[in-house]
Every structure is written in C-alpha cells, then in structure tokens.
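See structure below.
The values are calculated or read from the model by the stated rules, or taken from the named source; none is laboratory data. Keep in mind that this is a model prediction, so the values were computed, not measured. Cβ placement follows ideal geometry from the backbone for every residue including glycine, while neighbour counts extend to all protein chains displayed.
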C-alpha cells in the first residue's frame, strides 16, 4: 500500500501506508507529471515535463534517468509498470511510447503513434498525443497505447512489434483492463466507452451515458462492475462482463 505524490517543483514523496512513514525521493529540475509504483513496491517510475523518465529506488532513495540521450521531446503524460517488475512504458505529448527495462534503464523499443502509417497525411495523424498506456491483465506480453485522436496500438512485448492498430472515432482518454481478461475498456472524448478484444482488435461493447470526455475508469476485481467519471460532472456505474457485442445504455448515475 503505497501513496505517491509529485509536485510542479519536481519533488516526489512516497507514503508507505502500513508503516505510516514517508520518504522523499530525489528531486528533478522539471515538473512531475505522472508516476507509477512497480507491483513489488520497490521502485517508482516517474515522468516529467521535460520529457525525461526516472526510476526511483524507494529503499535506497536513489534514482536514475531512463536513457537520457533519447528522451521524449515533450512532456510525459502517462507511465505503466508490467506485473513482472522488469518492463515499463512511458507515453508523451509528442506521440511516442518508450518501452524500457526498469533494472537497467535501457530503452528496448520506441513506438511513434504519428508514424504508424506513412501513407496518412491527415493533420490529426501528425499531432497524436499519447494519453494512456497499460498492460493487458489476461496476457502479460501485450500492452496497449492510446492517443488523443483515437489511435490505439496493441503492442507485443515479447516480439517488440505492433500487433494491432485500432482507430477509435472520437479519440481516447483513458484505459482500463478487466482482471483475467484479454480485453480493454477505452474511455473517449465526448463520453463514449468502448471495450475491445486485444487479441483480435475487434469491438466487443459500447457503453453510452456520458455527454463529455471520460476522465477516469475503474473496474472491480470480479470484472463485472465498471465505474466511470466524466467531464459532464457525473459518475456512472455499468454492469459489464457478459462478453456480448451489444450497446449498453443502462447504468446507475452518481
């Protein structure tokens, strides 16, 4: 049980809840933008406004920069850690995702959402910002990257290659992975929530109810109750998990 808090000054604090103790991790010359704790609770992966990513060792209170010579060109918007505690990913406003080794801080691969299709000439294709990244709960070798203009990439970690590319019509803002499942819920701009099969890239379900951008998504341990929060000032509770390819418009509003 670890609570992470960062500041615009670049300072980073970690609260070890069971021990009721606090640690201050080494600061940085740029603003803290996002962070994640490795599942084993030993390290923090932090993204900063200057495009850099740092791995902090909580026990040693030491840190190192992930491949400082090839950092993102814009601010880091999201990070995620793999359940194996070795691989992590970072996404940035420049449209790039970096997959790196947490132990060595070496970048293993880079995916640019703006260069997936060289034939595309649309303005949105050249201005994609990575809004969310994460790892599939049911398939540890698959990761998902989502862009603000709707580009969704399913990435195979073991092969270091893109497995699928999905284009969501109304953009993407959030990702949520059901436990023990090969699917992902994608929150979009305008209030839509879609569930995709990660293995095939096909649409499973669309959830309707919100009228503005999805700010956050969370699912319970059973994988059957999804809670969403939106910029329309409402939160909704959906009953999901049937696997039926249908539109679900019935939900409780909070």
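Considering (1) at pLDDT below 95; (2) closer than 21 Å to residue 4 by Cβ; (3) surrounded by 16 or more Cβ atoms within 10 Å (Cβ to Cβ), the lone condition that residue 128 does not fulfil carries the number (2). Here are some residues: 91, 47, 84. Which one is out of contact with any helix residue (DSSP H, G or I) (no Cβ under 9 Å at 6 or more places or on another chain), in contact (Cβ under 8 Å) with a residue 12 or more places away in the chain and in a loop (DSSP other than H, G, I, E, B)? After applying the criteria, what remains is 84.
Give, as residue ranges, the strands (runs of 3 or more DSSP E) completely inside the range 136-203 that count at least 1 residues that are under 19 Å from residue 223 (Cα atoms). Give the steps one after another, and end with the answer.
Details: elements: 142-147, 151-156, 161-167, 174-176, 183-187, 193-197.
Correct list: 142-147, 174-176, 183-187, 193-197.
So that you can scan it fast, the table gives a plain yes or no per residue for (1) on the phi < 0 side of the Ramachandran plot; (2) outside the structural domain of residue 190 (by the TED database); (3) at pLDDT 95 or above:
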position: 71; (1), (2), (3): yes, yes, no
position: 85; (1), (2), (3): no, yes, no
position: 92; (1), (2), (3): yes, yes, yes
position: 98; (1), (2), (3): yes, yes, yes
position: 104; (1), (2), (3): yes, yes, no
position: 108; (1), (2), (3): yes, yes, no
position: 141; (1), (2), (3): yes, yes, no
position: 145; (1), (2), (3): yes, yes, yes
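Being at pLDDT 95 or above, under 12 Å from the mean Cα position of the chain (by Cα) and outside the structural domain of residue 100 (by the TED database) is not true of residue 229.
The set of residues in the range 204-222 that are in a loop (DSSP other than H, G, I, E, B), farther than 19 Å from residue 149 by Cα and within 20 Å of the chain's Cα centre (by Cα) comprises 220, 221.
Against the condition surrounded by 15 or more Cβ atoms within 10 Å (Cβ to Cβ), farther than 19 Å from residue 83 by Cα and in contact (Cβ under 8 Å) with a residue 60 or more places away in the chain, how does residue 187 come out, does it pass? No; evaluated as a whole, the condition is false for this residue. Tallying residues that are under 16 Å from residue 8 (Cα atoms) and in a strand (DSSP E or B) within the range 50-81 yields 5. What do you reckon, is residue 170 modelled with pLDDT under 95 and surrounded by fewer than 13 Cβ atoms within 10 Å (Cβ to Cβ)? So residue 170 does not fit the description; no.
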